[in-house]
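The values are calculated or read from the model by the stated rules, or taken from the named source; none is laboratory data. Please read these numbers as outputs of a predicted model, since none were measured by experiment. All Cβ positions, even for glycine, are placed from backbone atoms using ideal geometry, and neighbour counts span all protein chains on display. Remember, those area values only see protein heavy atoms, side chains included, never the ligands or the DNA or RNA. Shrake-Rupley method; radii C 1.70, N 1.55, O 1.52, S 1.80 Å.
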Amino acid sequence: MDALKPIEPSFPSFIFNAFDDFVNTFIDPPRKSSVDPRYVLSNNFAPVDELPPTECEVVEGSLPPCLDGAYIRNGPNPQYLPRGPYHLFDGDGMLHSIKISQGKATLCSRFVKTYKYNIENEAGSPIIPNVFSGFNGLTASAARGALTAARAIAGQFNPANGIGLANTSLALFGGKLFALGESDLPYEVKIAPNGDIFTLGRHDFNGKLSMSMTAHPKIDHETNEAFAFRYGPIPPFITYFRVNPDGTKTQDVPIFSMTRPSFLHDFAITKKYAIFSDIQIGMNPIDLLTGGSPVGTDSGKIPRIGVIPRYAKDESEMRWFDVSGFNIVHAINAWDEDGGDTIVLIAPNILSVEHTLERMDMIHASVEKVKINLKTGMVSRHPISTRNLDFGVINPAYVGKKNKYVYAAIGGPMPKVIGIAKLDVSVAEIDRRDCIVACRIFGKDCYGGEPFFVPKNPSIDEDDGYVVSYVHNEKTGESNFLVMDATSPNLDIVANVKLPRRVPYGFHGLFVSENDLMKL
């Protein structure tokens, strides 16, 4: 049975921890199920200890040669059991990597050794408060704020070293592999030949990146450039930039035309533009003074899509388009049409945005195709699938250019995933029918996560490859790694790998080929 390291605080943590316990018990106990660790960390959301490289058993089929490399998935995994309110987004980052070589697989699970992880590991107890669940109302915010300030003054931690979790995703660009979380700088990681995972450290691109970076940079596989941004509660609320193939970061492009802080988790690029979404979920630091939450929804706000030239040096050509009722957290892809006069965006639209942070089980996301005519300013959109889908991925070679296929997780409901759907986004152009063309349901009591598409090498068609995902059986307690044929109507299983230990549900993953791993 998985167990967390016991909390053994040492002096001078004792006094601070006692006050923290008082706040968690009497001032701000977890009153809602969305921040109650007994509920949030139940079943396969429960954390696990680290696992050194351990051999796996292929119980069905065989692993294709193009999968030689590593599939790595990131996700929240608290180092210590929470003593108070805890949101799913608050866990320390843990990477679960399955290293594949010549048909054999090795699983390894390691924490991302962030500054937060290291200082708390050394102290033997939590030090930095949970961002998504630690500030519920004026009294709780004041108490935890004072405690955090006291810890910093006492030298328990230095905020300048970052307080991020690196628990959201991974990206490979500039010759480095990064674990990402949007509240901090990237953390460089490496996969050893035996499958072990090492954190090399926090990366600021030679001092050119400050504060934070999105967990969803977009990598153009034709130019090898990475496009990214950061957002925050003070102006400029968005800052756009890119990283060249050699790993050098370009100059920041602050965007002041976003006049209110928005929750900007993801964006999209085309060959000519970068596309941002200003949705009804916003950051409300002022609300803390009146007892509100720092993040919330504004039903009266009209969502907008912002378009800026991909290589803009300033925001002078930034344009915003009102798109009522269009709230996206994740973008799937975008491309140019009509010689660059039209932009097409594919993304899941959250139809019940008010539940995003508190009741994810009530969220329904409908994948939509949005067209923006840059000449006329007209915006048109229609759903291409009304099924509850999110975590949509494509063949990575098609980022920023017209793609046909999408592989998305089927919410059962979210945050649990009951299967994977394949969409052909071209079939809805004429008759606007649902564009799901293939589907696999994992089965009773079985749930997975975000799929990832790995093309064959060489690949002939856009969908010539495999879809991979971790899947967990809640009845047996076992986890598996599934490899599915992306071209088949039922996403047929090509290989089923039994994992030596369960893998908790998480967020976003990445496949890195053996050739790229050797270059790190």
Lone unmet requirement of (1) surrounded by fewer than 17 Cβ atoms within 10 Å (Cβ to Cβ); (2) under 30 Å from Lys402 (Cβ atoms) for Glu225
(1)
Exactly one of Asn490, Asn515 is more than 17 Å from Ile394 (Cβ to Cβ) and in a helix (DSSP H, G or I), and that one is Asn515
It is to be established whether one or more residues within segment 85-93 are of a type in the set (Phe, Trp, Tyr), modelled with pLDDT under 95, open to solvent by 40 Å² or more (accessible area, probe 1.4 Å) and more than 25 Å from Gln156 (Cα to Cα).
no
When only residues in segment 298-354 that are within 19 Å of Phe263 (Cα to Cα) and acidic (Asp, Glu) count, which is surrounded by the most Cβ atoms within 10 Å (Cβ to Cβ)?
Glu354
With respect to the numbered conditions (1) out of contact with any Leu (no Cβ under 7 Å at 6 or more places or on another chain); (2) modelled with pLDDT of 95 or more, which one is the sole condition not fulfilled by Gly145?
(2)
From Val483, Val471, Val454, Val467, which residue is under 26 Å from Thr168 (Cβ atoms) and without any contact (Cβ under 8 Å) to a residue 40 or more places away in the chain?
Val471
So for segment 275-288 (the condition being modelled with pLDDT of 95 or more, over 20 Å from Met211 (Cβ atoms) and more than 22 Å from the chain's Cα centre (by Cα)), does at least one residue qualify?
no
How about segment 163-195: which of its residues are closer than 27 Å to Phe263 by Cβ, among the aliphatic types (A, V, I, L, M) and in a loop (DSSP other than H, G, I, E, B)?
Ile163, Leu165, Ala166, Leu185
When segment 407-437 is checked residue by residue, the ones that are under 23 Å from His472 (Cα atoms) and among the aliphatic types (A, V, I, L, M) are Ala408, Ala409, Ile410, Met414, Val417, Ile418, Ile420, Ala421
Under 7 Å by Cβ, and 6 or more places apart or on different chains, what pairs join a residue from segment 435-447 that is at positive phi with one that is exposed (fewer than 14 other Cβ atoms within 10 Å of the Cβ) and assigned to a loop (DSSP other than H, G, I, E, B)?
Asp445/Lys475
Taking the stated definitions as given, is Pro413 farther than 30 Å from Tyr39 by Cβ and of a type outside the set (Gly, Ala, Ser)?
no
When segment 205-236 is examined, which residues are found to be touching a strand residue (DSSP E or B) at 6+ places or on another chain (Cβ under 9 Å), at pLDDT 95 or above and in a loop (DSSP other than H, G, I, E, B)?
Phe205, Asn206, Lys208, Leu209, Ser212, Met213, Thr214, Ala215, His216, Pro217, Asn224, Pro236
Options Glu50, Glu57: the member that is surrounded by fewer than 17 Cβ atoms within 10 Å (Cβ to Cβ) and either closer than 21 Å to Lys116 by Cα or of a type in the set (Val, Ile, Thr) (or both):
Glu50
Looking only at segment 102-126, count how many residues are open to solvent by less than 10 Å² (accessible area, probe 1.4 Å) and of a type in the set (A, V, I, L, M).
3
Give segment 363-394 a look and list any residue that's under 16 Å from Gly411 (Cα atoms), open to solvent by 20 Å² or more (accessible area, probe 1.4 Å) and hydroxyl-bearing (Ser, Thr, Tyr), or say none.
Thr386
Return the residues of segment 456-465 that are open to solvent by 30 Å² or more (accessible area, probe 1.4 Å), out of contact with any Gly (no Cβ under 7 Å at 6 or more places or on another chain) and not charged (D, E, K, R); say none if nothing qualifies.
Asn457, Pro458, Ile460
When the residues of segment 423-432 are filtered to those that are without any contact (Cβ under 8 Å) to a residue 60 or more places away in the chain and within 20 Å of Ala334 (Cα to Cα), which remaining residue is most open to solvent (accessible area, probe 1.4 Å)?
Ile430
Meets criteria (of a type in the set (Phe, Trp, Tyr), out of contact with any Gly (no Cβ under 8 Å at 6 or more places or on another chain), open to solvent by less than 50 Å² (accessible area, probe 1.4 Å) and at pLDDT 95 or above) for Phe198:
no
Just one of the numbered conditions (1) more than 14 Å from Arg387 (Cα to Cα); (2) within 22 Å of the chain's Cα centre (by Cα) is not true of Asp445; which one?
(2)
Which of the residues spanning segment 156-172 are within 14 Å of the chain's Cα centre (by Cα) and of a type outside the set (Ser, Thr, Tyr)?
Gly164, Leu165, Ala166, Asn167, Leu170, Ala171
State whether one or more residues within segment 243-257 are modelled with pLDDT under 95 and over 22 Å from Ile302 (Cβ atoms).
no
Please return the ranges of strands (runs of 3 or more DSSP E) entirely within segment 355-431 where 2 or more residues are under 30 Å from Arg319 (Cβ atoms).
365-373, 379-385, 389-393, 405-411
Exactly one of (1) modelled with pLDDT of 90 or more; (2) crowded, with 16+ Cβ neighbours inside 10 Å; (3) in a loop (DSSP other than H, G, I, E, B) is unmet by Asn44. Its number?
(3)
Please name all residue pairs, on different chains or six or more residues apart, with Cβ atoms under 8 Å, provided the first residue is in segment 308-327 and is over 16 Å from Ile372 (Cβ atoms) and the second residue is open to solvent by 100 Å² or more (accessible area, probe 1.4 Å).
Lys313/Gln251; Glu315/Phe256
